[in-house]
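> Supplied in structure tokens, the structure appears directly below.
Every number here is computed from the coordinates shown, using simple stated rules; none is lab data. Quick caveat: nothing in here was measured; it's all calculated off a predicted structure. Here the Cβ positions follow ideal geometry from the backbone for every residue, glycine too, while neighbour counts run over all protein chains shown.
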Amino acid sequence: MTNTEQELAETLQSEVEIVGESLVDSPTLLQAWIIERGDARYVLESRSPRVKLHQQLYEPLAAFLAANPHKLVYEDEYRDTSMMGYQRIIRIYRIN
């Protein structure tokens, strides 16, 4: 994991507002953004485990990932009482 990717992971785990193009914005269920850092593009995903990858809410993110080659560079899950199900899954994808 690069320093940039580590900083993005820390941002996802904090209460800092993320500035980027929003793909999905449902704060207690799923949020996803496209952001640029230097020459790299990333997708940041913050999701409740109650949101399944086949559900309609996940579709915009799934469609973007299907259309853009990417690599999962970070994934974590932890307790978060602000999310439905009191858990948060975070993922960072680097867009190739």
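> How much space per residue, in cubic angstrom, does the convex hull of the C-alpha atoms of the stretch 1-61 take up?
Convex hull of Cα atoms, per residue: 96 Å³.
> Using amide H atoms built in the peptide plane, which far-off residues or other-chain residues are under 5 Å from Arg41 H to H?
Counting only residues 5 or more places away or on other chains, the set is Ile95.
> Quick one: Cα convex hull volume of the stretch 26-96, Å³ per residue?
So the per-residue hull volume is 83 Å³.
> Can you compute 3J(HN,Hα) from phi for each residue in the stretch 77-89, using the Karplus curve 6.51 cos²θ - 1.76 cosθ + 1.60 with θ = phi - 60°, rounded to whole Hz and x for Gly and Pro?
9, 8, 5, 8, 6, 7, 9, 4, x, 6, 9, 10, 9
> Given charges of +1 on the Cβ of Lys and Arg and -1 on the Cβ of Asp and Glu, with all other atoms neutral, how large is the dipole of the chain about its Cα centre, in debye to the nearest 20?
Dipole of the chain, to the nearest 20 debye: 360 debye.
> Among Thr4, Ala62, Tyr78, pick out the residue whose Cα is farthest towards the positive end of the charge dipole of the chain, where Lys and Arg carry +1 and Asp and Glu carry -1 on C-beta, about the Cα centre.
About the Cα centre, the residue reaching furthest to the positive side is Ala62.
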